[in-house]
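Each reported figure results from applying straightforward, stated rules to the coordinates on display, with no laboratory input. What you see is a predicted model; the values in this text were computed from it and never measured. Glycine gets a Cβ as well: all are built from the backbone with ideal geometry, and neighbour counts include every protein chain shown.
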Amino acid sequence: MKNKVIITEMIDQEGIKILKKTLDVDIKVGISREELLNIIHDYNAIIVRSNTNVDEELFDKAKNLKIVGRAGNGIDNIDVEAATKRGIIVANTPQSNTMSACELTIGLLLAQSRNIPQANGDTKLGNWGRNSFKGVEVYGKTLGIIGLGKIGSLVATRMKAFGMNIIAYDPYITDERFEKFKATKKERLKELVEESDFITVHTPKTEETINIIDKNEIKCMKDGVRLVNAARGGIINEDALLKGINEGKIASAALDVHKVEPCINSKLFDHPNIIVTPHIGAGTIEAQENVGKTIANQIINGLNGDIVSNA
Ligand code: MLT
């Protein structure tokens with residue numbers, strides 16, 4: 001009998017093709033939590049993105065589960081400890097969508113420095129507001145990067161080419177890595193927030209990073225600072241952000257990720273200087289193809305008892 005895999009959030013067709021060669025594949029996008037809990041015992045593998053919680057409750061019912069595939073990078077929706085306790089493999093694809101996440105970050109940074117979404121909306125309404133959308137150059141400005149890992153370092157290299165001064169805070173990496181990416185190391189987060197004109201966060205979501213930017217950090221920022229979050233919702237405290245923007249401390253912000261997702265209604269949406277997108281950092285043809293193929297091969301390797309490399 002073939003092993004069975006359930007897919008709860010869509011992956012690329014190339015990945016599905018690979019899976020179908022050897023496995024029974026059930027695509028159940030949009031399945032309710034209750035239904036998933038009822039049927040998970042039938043499956044040997046599950047593939048999710050960021051919206052399916054794979055936790056202790058699910059593992060308790062998943063008597064035949066051998067591997068969880070996280071089609072993407074962040075594993076904050078997977079209880080890895082609970083999986084490990086039960087001998088269930090957790091595989092993710094940390095390399096596959098980093099460039100896309102980096103490029104969206106830069107898009108969000110430039111979109112707000114030049115008010116591109118606002119100007120687009122206004123022009124299409126039939127207005128010709130040439131003088132209404134004065135922005136700022138990024139050239140010569142300081143970009144503060146919180147987390148100089150895979151995505152943060154790609155952003156650093158590219159924004160250096162725009163003539164930005166790059167500073168970074170990351171207590172987990174070596175001095176050599178700061179040097180490699182020509183980022184000036186900040187020992188303390190406070191120094192980074194005090195000196196930056198633009199700030200972008202690139203950390204996983206952990207106990208330590210939830211609300212890493214909160215009211216105290218915002219208080220220390222330069223007036224007119226601009227923020228980007230294309231990492232995980234909640235790393236920047238949304239209430240503090242809104243307050244900072246309403247008080248004129250923060251000039252603008254761009255958020256691809258939200259504290260609660262899907263996010264279809266938020267008080268942040270009402271502010272003209274906050275740009276929002278629906279968690280599309282990995283939403284490119286290239287990233288989805290990479291992620292889909294990688295996760296499919298990992299699932300097959302895991303079920304065959306072969307080495308699962310988190311590529
Ligand atoms: C990630 O962690 O890689 C992203 O959230 C990707 C995604 O699931 O869209």
- prompt: Within region 138-158, can you find the residues that are surrounded by 12 or more Cβ atoms within 10 Å (Cβ to Cβ), without any contact (Cβ under 8 Å) to a residue 60 or more places away in the chain and assigned to a loop (DSSP other than H, G, I, E, B)?
  reply: 141, 148, 149
- prompt: For region 178-195, which residues satisfy the criterion of being buried (at least 17 other Cβ atoms within 10 Å of the Cβ) and basic (Lys, Arg)?
  reply: 185, 186
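Residues in region 267-298 that are within 16 Å of the ligand (Cβ to nearest atom) and either in contact (Cβ under 8 Å) with a residue 24 or more places away in the chain or among the small types (Gly, Ala, Ser) (or both): how many?
Matching residues across region 267-298 total 19.
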field: helices (runs of 4 or more DSSP H) contained in region 8-63 and holding at least 2 residues in contact (Cβ under 8 Å) with a residue 40 or more places away in the chain and more than 16 Å from the ligand (Cβ to nearest atom)
entry: 13-22
message: Of everything in region 64-122, what is away from the ligand (no atom under 16 Å from the Cβ), among the aliphatic types (A, V, I, L, M) and not in a helix (DSSP H, G or I)? Give them in sequence order.
response: 65, 67, 88, 89
message: out of contact with any Ser or Thr (no Cβ under 7 Å at 6 or more places or on another chain) and buried (at least 23 other Cβ atoms within 10 Å of the Cβ): which single residue out of 111, 119, 101 fits that description?
response: 101
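Tell me, yes or no, whether region 274-286 has at least one residue that is under 25 Å from residue 77 (Cβ atoms) and in contact with a Gly (Cβ under 7 Å, 6 or more places away or on another chain). Don't jump to the end; show me each part of the working.
Step one: of region 274-286, the residues under 25 Å from residue 77 (Cβ atoms) are 274-286.
Filter again for in contact with a Gly (Cβ under 7 Å, 6 or more places away or on another chain), leaving 282.
Yes.
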- request: Working only within region 169-188, note down all residues that are in contact with a Gly (Cβ under 9 Å, 6 or more places away or on another chain) and of a type in the set (A, V, I, L, M, F, W, C).
  value: 173, 181, 183
- request: Please work out which one of (1) within 24 Å of residue 100 (Cα to Cα); (2) surrounded by fewer than 19 Cβ atoms within 10 Å (Cβ to Cβ); (3) touching an Asp or Glu at 6+ places or on another chain (Cβ under 7 Å) is the condition residue 161 fails and give its number.
  value: (3)
- request: Within region 241-253, identify whether any single residue is over 20 Å from residue 278 (Cβ atoms) and under 20 Å from the mean Cα position of the chain (by Cα), and answer yes or no.
  value: no
task: Please work out which one of (1) under 18 Å from residue 49 (Cβ atoms); (2) away from the ligand (no atom under 16 Å from the Cβ) is the condition residue 259 fails and give its number.
output: (2)
